[in-house]
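Single-structure report; data block below.
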Amino acid sequence: MEPRQPTTSMRPIAPERFGYAEARHLLMRAGFGGTPEQIRTLANMGPEAAVDLLLNDRATDAYPDPTEAAFSGEVMREPTRAEQEAYRRAREAQDEEAIAEFRRRRMMLERNDREQMRSLQRWWLARLIESPRPVQEKMTLFWHGHFATSYRTIENSYHMFQQNLMFRR
């Protein structure tokens, strides 16, 4: 039996057939589209060079991963043993003022964590739109959706940040 020939849609596109519309389609499939200038640049490169550029892991990334300082793991930290013990003693003593203070501190941490999550969302949206590595960002979004984790489930922005970096790697 002779091997089957690939269908027309599976054959590489001929360089002379790779124009603006094909480059636009490539950018839509590989990422989230592109500006007219980006589309023209890819169209002028030809299909092989355009694909190589989009898949090249050595591409300079204008949006490097933020440092630990940008997104802190200390925002929603677990209470220390001393804090747990102090809270337990306040409950035993029915010290409503101390208990209220513990609750105020916890609410402040939660508010700070929600703000950090909003910062993380802004950072990632900018990166999704502007990254020179659209395939990486589209795959990061794919894995994020595939595992269906969300801030509402874990309520820890730093863990969401770490997950985002892991998916990107």
Listed residues Tyr20, Tyr87, Tyr151 arranged by accessible area, highest first, probe 1.4 Å: Tyr20, Tyr87, Tyr151
Extension gain from Ile154 to Leu55, taking 0.36 nm per residue of separation minus the Cα-Cα distance: 32.4 nm
Solvent exposure, largest accessible area first (probe 1.4 Å, DNA, RNA and ligands not counted), of Phe18, Phe32: Phe32, Phe18
FRET efficiency for Ala86 and His25, using Cβ-Cβ distance with R0 set to 45 Å, rounded to 0.05: 0.15
Probe 1.4 Å - accessible area at Thr35, Å² to nearest ten: 70
Debye intensity ratio in log₁₀ form over the Cα atoms of segment 115-169, taken at each q of 0.22, 0.32 Å⁻¹: -0.85, -1.42
Area of Met28 that stays accessible when all protein chains are in place (1.4 Å probe, Å², to 10): 90
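How large is the helix-only mean residue ellipticity at 222 nm for the chain, computed as the sum of -39500 (n - 2.57) over DSSP H runs with n ≥ 4, divided by its residue count, in deg cm²/dmol to the nearest 500? Walk me through the numbers before you get to the answer.
Details: 8 runs with 107 residues, N = 169.
Per the formula, -20000 deg cm²/dmol.
At R0 = 22 Å, how high is the FRET efficiency between Met10 and Phe142 if r is their beta carbon distance? Nearest 0.05 is fine. Before the final figure, lay out the partial values.
On the way: r = 22 Å, r/R0 = 1.01.
In this case the efficiency is close to 0.50.
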Cα pair distances of segment 60-169 binned at 5 Å [whole percent]: 2, 11, 18, 18, 15, 11, 8, 7, 5, 4, 2, 0
0 to 90° range, to nearest 10: angle between helix 20-30 axis and the chain longest Cα axis: 30
Helix 96-130 vs. the chain, principal-axis angle (Cα, 0 to 90°, nearest 10): 10
Cα-based helix-to-principal-axis angle, 157-168 vs the chain, degrees rounded to 10: 20
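How much accessible area per residue does the chain have, in Å², with a 1.4 Å probe?
On the way: 12450 Å² over 169 residues.
I get 74 Å² per residue for the chain.
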Rg(Cα) / (2.2 N^0.38 Å) computed for segment 69-128, rounded to two decimals: 1.51
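The values are calculated or read from the model by the stated rules, or taken from the named source; none is laboratory data. All values derive from a computational prediction rather than experimental measurement. Don't worry about glycine lacking a Cβ; one is built from the backbone with ideal geometry, like all the others, and counts go over all protein chains shown. The protein model used for the area step is the full one, side chains on, heavy atoms only, and it has no ligands, DNA or RNA in it. Shrake-Rupley method; radii C 1.70, N 1.55, O 1.52, S 1.80 Å.
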